[in-house]
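Asks: Here it is, the structure in full.
The values are calculated or read from the model by the stated rules, or taken from the named source; none is laboratory data. Values in this document were obtained by computation on a predicted structure and should not be read as measured data. As a convention, Cβ positions derive from the backbone with ideal geometry for all residues, glycine included, and neighbour counts pool all protein chains shown. Areas reflect the complete protein model, heavy atoms only, side chains present, ligands, DNA and RNA absent. Shrake-Rupley method; radii C 1.70, N 1.55, O 1.52, S 1.80 Å.
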Amino acid sequence: MDSKRPQLTQAEPLWFNPADYFTFVLDQEIRGAGMPGGYCGFVLELEEVPDLSRLQQRLDLLVERFPRASARLEQRGKRYAWMPTGRRIALEWQTCSSREEALQEVLEIFNRPAPMAETLPLRLHWIGDDRGGLLLLNWIHPLLDARGGKILMDFLCSAEPDKFGESPALIGEKLAQWSLWKKIGFFLKAKRHNAEANALESCLPTQADEGGGRQSLRLKMRRFDPQQTQRINQLALKYTGAAGKSLYTIGCFMRAMEQVGPPAAKAGYCIPYAFNLRRQNAPTPVFGNHLSCLFARATREQVTQRQGLFAHLLEQYRQTVRDELDYAYLPLMWLGQWLSPARYARLLRKQHSGGELSSLWFSDIGDLRFGPDGFLGAPVSGMFHLCWMTLPPGMALLVGQGNGQLTLSFSYLHPAVEESWLERLMARMDAELLETPEVGCALHTEHAQGMGDADSGGQCPPYGVP
Amino acid sequence: MKTQLRQFIFQELIFHEAPDQFGDDEDLLDAGLDSMGIMRLIMFAEREFDVTLPDTQIEPDNVRTLNALERWILNARN
C-alpha cells in the first residue's frame with residue numbers, strides 16, 4: 001500500500017461531505033416519490049468484448065484501494081457515512097441479441113427497485129450484444145459525481161492503477177482555507193443569490209408533480225458525427241467564447257424548449273450546472289462529490305433573441321465568477337448537512353412559491369478521449385449517460401464528447417414527460433446547436449402556429465430507447 | 001506575472017505531475033484547461049493584475065499558453 005493513502009479499516013465510517021449530503025437529499029426525494037433513487041449511469045459502447053477477467057481483477061483492486069466502493073450507508077446522529085463492508089463487487093454480465101435489446105437492458109437495470117440496505121452503491125454490468133456490447137457503471141450519486149465516474153472508468157482500464165488514490169474532500173479543503181468571516185460573507189452572498197434565483201418562476205418540461213403516479217426512467221439520445229460536433233464547437237466559440245461552451249448547450253436547450261412550448265409555462269428558465277472543484281485530468285479524488293452549483297437563468301423574453309441570450313448567459317456567468325458565487329455555495333452546503341433532507345430540499349431547491357427551481361437537470365461531462373487500445377482491449381465507439389431525477393422537472397440532459405463525437409443523453413420520466421413533445425424538443429435542439437437556417441425564424445413561426453409540427457429540422461437520427 | 005498565473009492554473013484548474021516543467025509555450029487547452037477554467041482564470045487575472053479583459057477577446061489563442069496569457073494581460077493594461 002502507498003503510505004500516502006489513508007489506512008482505513010473496514011470499521012471506520014467514511015463521512016459524507018457536504019456535496020454528498022446534497023445529492024443524498026435528492027436521492028431521498030426521488031425515493032420518496034416511489035422511484036428507485038438517485039442512481040447515475042455511465043455507459044461505454046464497445047466494439048468487442050473487453051478482457052472480463054482483468055476487469056474483475058480490477059474491481060477487486062478497487063474495493064481493496066477504495067473501501068467506500070463497497071459500503072453500506074448509515075446514519076449516525078444527524079450525519080451520514082459509508083461503512084465499508086469489503087464485499088466483492090462481482091461484474092454482472094449478460095448477453096443480448098442486438099444493441100436495441102442491450103439498451104433496453106440498461107433501462108431495466110435502472111428501473112429495478114434498489115433499496116439502500118440491499119443494493120451495492122456501485123455496480124458494473126457487461127451487456128454483450130451483436131456489435132460488441134455495453135459496459136454500464138451504475139452508482140448512487142452520494143458516492144461520487146459524474147467526473148468521479150469517469151475517473152473510476154479510467155482506473156478500471158488503466159495500465160497504472162497506482163496513480164489513482166483517495167484524498168480528502170475538496171470542499172473541506174476549501175472551507176479550511178477561509179476565515180470564519182469569509183465563510184459568513186459567502187453564506188450571505190449565496191443566500192441572496194438563491195433568493196434572486198427563486199424570484200423567477202421556472203418553466204418546466206412537465207405539469208406532473210410528485211403525485212403523478214408511477215414513473216419509469218427512459219432515455220433518448222442524439223449523437224453528432226465529428227463534422228457536426230466540430231461545427232457545434234465552433235458555434236459555441238463564436239457565441240459564448242472559449243469560456244462558455246456549456247452555456248451554448250444550455251442556451252440552445254432553453255430556446256428549443258421555448259420554441260416547442262414548455263408544458264408548464266411560467267416566467268423563465270433556470271438550469272443549474274455543476275462547478276467541479278477537481279482539477280482537470282486529476283486522477284484523484286475518485287470518490288465523493290466535489291461540486292458546487294451555478295445557475296443559468298433567463299426570462300422567456302431573453303430566450304427569444306438567440307445572440308442576445310448567449311451574451312446574457314456569458315455575462316451572467318462572468319458576474320457569478322467575479323462575485324465568487326461559484327464558491328459561495330460551499331458554506332451553505334456545509335451548514336445544510338445539519339438539516340433534515342426535507343428541510344434542506346425546501347430551502348435550496350424549491351422556489352418561494354413552492355414550485356420547482358430547475359427547468360432541467362444538466363451536466364456537461366466534458367471531452368473524453370479513448371486511445372486505440374480502448375477499454376481493456378475493446379475499441380470504444382461511443383458513450384452515454386443517464387440518471388434519475390426528481391419530479392418535477394422529470395428530465396435531465398447529460399452531455400459528453402467521446403472521441404470527437406458529441407452525445408446528448410436525455411433521461412426522462414415516463415409518463416410525466418410527453419414523448420412526442422420531447423421528440424420535437426430534440427429536433428429543435430439539433431437545429432439550435434447546428435444553427436440550421438430555420439433557427440432564425442423558428443420562434444416567430446412556432447409562436448404563431450402554437451406547438452409547431454414534428455418536423456425535425458435537424459440532421460441527426462434519434463438513437464433512443466422508448 | 002507568469003509565476004502567479006502558473007501557480008493558480010496548476011493549483012486550481014489543471015492537474016499536472018510536474019507543473020514547474022510545463023513550458024511557457026505549452027498548450028494549456030491540450031493540458032485540460034476547459035471553458036469553466038478559462039473564466040476562473042480570467043477573473044483571477046483581472047483581480048490579481050487590476051485589468052479588464054474584454055469578453056470579445058476571450059479566444060483560445062489568448063489563453064492557449066502562459067506566454068499568450070501574459071501578452072493578453074499586458075496589452076489590456078496598456
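Asks: Does A:Thr229 satisfy the condition of being within 18 Å of the chain's Cα centre (by Cα) and assigned to a helix (DSSP H, G or I)?
Replies: Spelling it out, it is not the case that A:Thr229 is within 18 Å of the chain's Cα centre (by Cα) and assigned to a helix (DSSP H, G or I).
Asks: Right, next: With respect to A:Arg318, determine if the residue is within 14 Å of chain B (Cβ to nearest Cβ) and either under 17 Å from A:Ala197 (Cα atoms) or assigned to a loop (DSSP other than H, G, I, E, B) (or both).
Replies: Spelling it out, A:Arg318 is indeed within 14 Å of chain B (Cβ to nearest Cβ) and either under 17 Å from A:Ala197 (Cα atoms) or assigned to a loop (DSSP other than H, G, I, E, B) (or both).
Asks: Against the condition out of contact with any strand residue (DSSP E or B) (no Cβ under 7 Å at 6 or more places or on another chain) and more than 14 Å from every other protein chain (Cβ to nearest Cβ), how does A:Pro168 come out, does it pass?
Replies: Criteria met by A:Pro168.
Asks: Is it the case, given these coordinates, that A:Ala159 is part of a loop (DSSP other than H, G, I, E, B) and either more than 28 Å from A:Pro285 (Cα to Cα) or in contact with a Lys or Arg (Cβ under 7 Å, 6 or more places away or on another chain) (or both)?
Replies: no
Asks: Name, by its number, the condition in (1) open to solvent by 50 Å² or more (accessible area, probe 1.4 Å); (2) hydrophobic (A, V, I, L, M, F, W, C); (3) within 28 Å of A:Gln75 (Cα to Cα) that does not hold for A:Ala159.
Replies: Condition (3) is where A:Ala159 drops out.
Asks: Further question on the same structure: Quick check on the stretch A:267-278. Is at least one of its residues in a loop (DSSP other than H, G, I, E, B), within 14 Å of chain B (Cβ to nearest Cβ) and touching a Lys or Arg at 6+ places or on another chain (Cβ under 9 Å)?
Replies: Yes, the stretch A:267-278 has at least one match.
Asks: Of the numbered conditions (1) part of a helix (DSSP H, G or I); (2) open to solvent by less than 50 Å² (accessible area, probe 1.4 Å); (3) of a type outside the set (Ser, Thr, Tyr); (4) within 9 Å of chain A (Cβ to nearest Cβ), B:Glu70 fails exactly one; give the number of that condition.
Replies: (4)
Asks: Restricting to the stretch A:399-455, count the residues that are closer than 21 Å to A:Gly41 by Cα, open to solvent by less than 10 Å² (accessible area, probe 1.4 Å) and either modelled with pLDDT under 90 or assigned to a loop (DSSP other than H, G, I, E, B) (or both).
Replies: Final tally of qualifying residues: 1.
Asks: Could you check how many residues of the stretch A:287-310 are in contact with a Leu (Cβ under 8 Å, 6 or more places away or on another chain) and within 13 Å of chain B (Cβ to nearest Cβ)?
Replies: Residues that pass the stated criteria total 6.
Asks: To continue, here is another question. Tell me which residues, restricted to the stretch A:162-187, are loosely packed, with under 14 Cβ neighbours inside 10 Å and either small (Gly, Ala, Ser) or touching a helix residue (DSSP H, G or I) at 6+ places or on another chain (Cβ under 6 Å) (or both).
Replies: Within the stretch A:162-187, A:Ala176, A:Ser179 meet the criteria.
Asks: Further, regarding this structure: Between residues in the stretch A:325-341 that are at positive phi and residues that are open to solvent by 20 Å² or more (accessible area, probe 1.4 Å) and acidic (Asp, Glu), which pairs lie under 9 Å by C-beta distance while being six or more apart or on different chains?
Replies: Note: no pairs meet the criteria.
Asks: List the number of the failed condition for A:Phe187; all other conditions in (1) touching a Gly at 6+ places or on another chain (Cβ under 9 Å); (2) within 25 Å of A:Leu357 (Cβ to Cβ) hold.
Replies: All conditions are met except number (1).
Asks: To continue, here is another question. Quick one: is A:Arg255 more than 14 Å from every other protein chain (Cβ to nearest Cβ), closer than 27 Å to B:Thr56 by Cα and surrounded by 20 or more Cβ atoms within 10 Å (Cβ to Cβ)?
Replies: yes
Asks: Please work out which residue is nearest to A:Ser363 (Cα to Cα), limiting yourself to the stretch B:24-62 and to residues that are open to solvent by 40 Å² or more (accessible area, probe 1.4 Å) and within 7 Å of chain A (Cβ to nearest Cβ).
Replies: B:Asp34
Listed here are the residues, each with its yes/no results for (1) part of a loop (DSSP other than H, G, I, E, B); (2) of a type outside the set (S, T, N, Q); (3) within 16 Å of A:Thr320 (Cα to Cα).
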site	(1), (2), (3)
A:Gly172	no, yes, no
A:Phe186	no, yes, yes
A:Lys189	no, yes, yes
A:Asn194	no, no, yes
A:Leu200	yes, yes, no
A:Gln207	yes, no, no
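Asks: In addition: Determine whether the stretch A:331-349 contains at least one residue that is touching a Cys at 6+ places or on another chain (Cβ under 7 Å) and either surrounded by 20 or more Cβ atoms within 10 Å (Cβ to Cβ) or modelled with pLDDT of 90 or more (or both).
Replies: No, that holds for no residue.
Asks: Among A:Thr249, A:Thr240, which is the only one that is open to solvent by less than 10 Å² (accessible area, probe 1.4 Å) and either farther than 20 Å from A:Ser411 by Cα or within 14 Å of chain B (Cβ to nearest Cβ) (or both)?
Replies: It is A:Thr240.
Asks: So in the stretch A:21-59, with the set limited to residues that are more than 30 Å from A:Gly77 (Cβ to Cβ) and touching a His at 6+ places or on another chain (Cβ under 9 Å), which one is surrounded by the most Cβ atoms within 10 Å (Cβ to Cβ)?
Replies: It comes out as A:Gly41.
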